[in-house]
1. Which residue, Leu212, Leu189, Leu381, has the most motion in a Gaussian network model of the chain that connects Cα atoms within less than 10 Å?
2. Based on DSSP H assignment, which helices of the chain show an axial Cα extent of at least 27 Å together with a mean Kyte-Doolittle hydropathy greater than or equal to -0.5?
3. Stokes-Einstein D for segment 114-178 at 10 °C, 1.306 mPa s, Kirkwood Rh over Cα pairs, in µm²/s?
4. Just from its helices, what would the mean residue ellipticity at 222 nm be for the chain, if runs of 4 or more DSSP H residues each count -39500 (n - 2.57) and the sum is divided by every residue, rounded to the nearest 500 deg cm²/dmol?
5. Taking 0.36 nm per residue of separation and subtracting the Cα-Cα distance, what length does fully extending Val323 through Arg245 add?
6. Just want the ordering: Phe328, Phe149, from fewest to most Cβ atoms lying within 10 Å of their own Cβ.
7. Mean projection of the alpha-carbon convex hull of the chain over all orientations, in nm²?
8. Given Lys3/Lys110; Lys16/Lys419; Lys17/Lys110; Lys298/Lys393; Lys103/Lys270, which pairs have Cα atoms separated by over 26 Å?
Amino acid sequence: MFKTIQNAWKIPDLRKKILFTLFIIIVFRIGSVIPVPFLDIDALGALMTQYSGDNVLSFQNLLSGGAFANATLFAMGITPYINSSIIMQLLAVAIPPLERLAKEGNEGRKKIATITRYVTVGLGLIQGTAYYIFLRRSGIIVKDWRDGFNGVFSCAVIILAFTAGTAIMMWLGEQINSHGIGNGISILLFAGIISRMSTLVTQLVAYWEMALQGQTKFFFFVPIFVILFLFVIWLITFMNDAERRIPIQYAKRVVGRKMYGGQSTHLPIKVGMGGVLPVIFASSILSIPSTINLFVKKTDGFWGSFFNFFNTTSIGYMVLYFVLIIMFAYFYTAIQYNPVEMSNNLRQNNGTIPGIRPGRPTTDFIAKILSRITLIGALFLSVIALLPLIFGKISTMGNMSLGGTSIIILVGVALDTVKQLESQMMMRHYKGFLD
């Protein structure tokens, strides 16, 4: 990877793209430390320390690179855009006009992208309003909206600042897509999570100091954590390129005086088709009860037991987490891949799978392959997501900053960006047939 970046740096055009991407990341990090006005910063820090844990607030803070806990301009992070994209993908399957737009090629994709931007701003406005209400009820707002004109003005400024931050982050991501390297939204997400690495190192140092002070078990658990961290990175890297290749044979056909087809190829199906989305869906749903408990604060009786069930150290939570990851992996695959459509496309292009008859048998064969590959990918995601939780329960190091979800995002974005660099270098070094 470092060799690829070094070689890309030697090419002036790619060097400009890399520098532009780094510039956008710097702008993003600057916006992540600029707090919105009319807030009591000291009270906010004490509040977020109280609410640290496994809930929606902590998850949002992780994805925003710590901006959410500080109520900065980019506190909403890139999650409104991610949610908007997911909503549009689901609606494109359920609503026929959107489905037709998705099939209209480049123009249709541009229209869907425009709708996605509007939905992103709308979600940013809703989330910004919800965050304002949370801060107001916690006594963080200097001027309440009920305090006359000044209160209403501060309310409007805070909510609009959060919404504008969402729109700016979306624009920054699109600028990376146009003039930089990699997927813009993924790069910003990567930058936000990587900024938490310093917190992880600080926590490891703190545990090591605890070991020196007499808690000798951490002499064992801290090195094990580092080894597991490196193992998870290796496993994600290994599984990222894993795929099942279905052999395809195209029949020969004569058009005029030319013969077409006759070649053999394959249909690649990635093992990790859903990426990190099944884990994000599952963790988001399971964090809802913990978030509700932040406000109701039930610790005993039936509701106390109910909310304790959704603690990440609970065996029941881990089992439910495992089941939900499997379910969402199959759900995402069902949305993204249609075996009937894939079979029809093969038949229209005179392609067949050796030993499988065209039509229904081909559809059933592809569906069976998809089902098996999805199960393998879902089990892989489950291992990555549950390994930090199991280790945290055994070692009592359960408050580490980075979990399986974060590592999958970090490694996936890094590998994707390196692949884009390699492909662009190949394009620039290709000399053609005349040389």
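Each value in this text was obtained by applying a stated rule to the coordinates, not by laboratory testing. Only a predicted model underlies this, so the values are computations on that prediction, with no experimental measurement involved. Every residue, glycine as well, gets a Cβ built from its backbone with ideal geometry; the counts of neighbours run over all protein chains shown.
1. Leu212
2. Membrane-span-like by this criterion, though nothing is claimed about a membrane: 12-31, 106-137, 148-179, 217-240, 277-296, 315-336, 360-395, 404-429.
3. 125 µm²/s
4. Calculated from helices alone, the mean residue ellipticity at 222 nm is -24000 deg cm²/dmol.
5. 25.3 nm
6. Taking fewest neighbouring Cβ atoms as first place, the list is Phe149, Phe328.
7. The Cα convex hull of the chain, projected and averaged over all directions, gives 28.1 nm².
8. Violating the 26 Å limit, Cα to Cα: Lys3/Lys110.
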